[in-house]
Amino acid sequence: EQRAGFKAWTLLLSICAFSLCLLGTFLVRSGVLVSVHAFASDPARGMFILAFMVLVTGGSLLLFAVRGHRVRSRVNNALWSRESLLLGNNVLLMAAMLVVLLGTLLPLVHKQLGLGSISVGEPFFNTMFTWLMVPFALLLGVGPLVRWGRDRP
């Protein structure tokens, strides 16, 4: 906060978080995703949630594209700084989010394309998360030991 870094990144992450909450609501409430936790299927409710999700996500991303340059910070960080390690952790967490999104939506897309039913199970997530979380854990361990980019030794 004191270094005024990652403002645009934080804004983009908040847009993504809310959009993914809306996507999860759509998948569960519309009946698209069939699971033990699914609610009664109501196509009208699903279309409303889908329209709301498209409107909110599209509007937010459009505003970010148009006005995002106002919050961007021009901070040049050293490669070996705490800011760079935080950015690395953020990228790894975003990759983990994409793995979960892919694992959730791939069976639905596969079925809609007429390619049959597939199941993405525990082995997929265990394999993918192992490759993502090992570097994440290393960055978490090293991060507190590294100086901030503008600190002088």
Next on the checklist: Which pairs turn up if I take residues in segment 1-13 that are outside the structural domain of Leu87 (by the TED database) and on the phi < 0 side of the Ramachandran plot and look for partners that are at pLDDT 65 or above and part of a helix (DSSP H, G or I) with beta carbon separation below 6 Å, at least 6 apart in sequence or on another chain?
Outcome noted: Gly5/Glu83; Ala8/Gly68
Item to check | Filter result (in contact with a helix residue (DSSP H, G or I) (Cβ under 6 Å, 6 or more places away or on another chain), part of a loop (DSSP other than H, G, I, E, B) and either closer than 18 Å to Leu98 by Cβ or modelled with pLDDT of 80 or more (or both)) within segment 121-153 | outcome: Val146
Item to check | Top-ranked residue in segment 77-120 [being part of a helix (DSSP H, G or I) and of a type in the set (Gly, Ala, Ser); ranked as modelled with the lowest pLDDT] | outcome: Ser84
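The values are calculated or read from the model by the stated rules, or taken from the named source; none is laboratory data. All of these numbers come straight from a predicted model, not from anything done at the bench. Note: ideal-geometry Cβ built from the backbone for every residue, glycine included; neighbour counts use all protein chains shown.
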